[in-house]
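To start, the structure itself, in structure tokens.
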Amino acid sequence: MIGRTSDEPHDRGACVETVRFASLIAAMITVGLMSGLFYGFSVSVMPALERSDDRIVIEVMQRVNVAILNGWFLLGYLGALVFTGLALGLHVVDGPDGALVPLIAAFVCYVLAMVVTGVVNIPLNNALEKAGPVDRIADPAAVRRAFESPWVRANVWRTLLCTASAGFLAWALLVQGA
């Protein structure tokens, strides 16, 4: 064949190793972005809103819930799942090594963060949106009470799970010799 060399199996192995490493780096970056996003809400956004009027909390969170649905957010949110899964899959297919256990743990932690988001945060966001425009809400204190505490608790869990996922990815990178 044209272009075939005696080093082809070695080249394939180097290519697979490059893709494994690149997927691991991409996973680390995207999980880190999500961890940072959730951490930012935990240490700044929600504490600032805690000191605010009920209507302000509702209005700000309604706006945040609309603004966050954009391509950059989805790149991080879904990219973290895809890249971590890809890194894990490539380590399973290409032969397990010392990075397999931390990759499994990273993937599980991130999936659990997504479960918390889907089971707690998104339904709370949807309920907040269904409450309607803030100036038409009869009892903003009740709407806030139903939303704020459970959302904050769930966000702490998302933060911890994403941070653990990032830590496991860092461990996998160390094992890979990065």
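The values are calculated or read from the model by the stated rules, or taken from the named source; none is laboratory data. All values reported here derive from a predicted model rather than from experimental measurement. As a convention, Cβ positions derive from the backbone with ideal geometry for all residues, glycine included, and neighbour counts pool all protein chains shown.
Would it be correct to say that A87 is surrounded by 18 or more Cβ atoms within 10 Å (Cβ to Cβ), farther than 30 Å from W151 by Cα and modelled with pLDDT of 95 or more? Considered against the rule, which asks whether it is surrounded by 18 or more Cβ atoms within 10 Å (Cβ to Cβ), farther than 30 Å from W151 by Cα and modelled with pLDDT of 95 or more, A87 comes out as yes.
Each row is one residue, and each column tells you yes or no for (1) within 17 Å of A87 (Cβ to Cβ); (2) within 21 Å of the chain's Cα centre (by Cα).
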| residue | (1), (2) |
| --- | --- |
| L112 | no, yes |
| V115 | no, yes |
| I122 | no, yes |
| P133 | no, no |
| V143 | no, no |
| L161 | no, yes |
| A166 | yes, yes |
| L173 | yes, yes |
| G177 | yes, no |
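Are there any pairs, at least 6 apart or on different chains, whose C-beta atoms fall under 6 Å, with the first in the range 74-99 and among the aromatic types (F, W, Y) and the second crowded, with 19+ Cβ neighbours inside 10 Å, and if so, which? Cβ pairs passing all conditions: F83/S23; F83/A27; F83/T30. Can you find even one residue in the range 34-48 that is modelled with pLDDT of 95 or more and over 19 Å from the mean Cα position of the chain (by Cα)? Yes, the range 34-48 contains at least one residue that is modelled with pLDDT of 95 or more and over 19 Å from the mean Cα position of the chain (by Cα). When G98 is tested against (1) in contact with a Leu (Cβ under 7 Å, 6 or more places away or on another chain); (2) at pLDDT below 95; (3) small (G, A, S), just one condition goes unmet, and that condition is (1).
A Cβ distance below 9 Å, combined with a sequence gap of six or more or placement on separate chains, defines the contacts here; from the range 27-55, residues that are touching a residue at least 12 places away in the same chain (Cβ under 8 Å) reach residues that are outside any helix (DSSP H, G or I) and crowded, with 17+ Cβ neighbours inside 10 Å in the pairs D54/I137; R55/I137. Total residues in the range 134-156 satisfying the condition of being more than 15 Å from I122 (Cα to Cα) and hydrophobic (A, V, I, L, M, F, W, C): the figure is 6.
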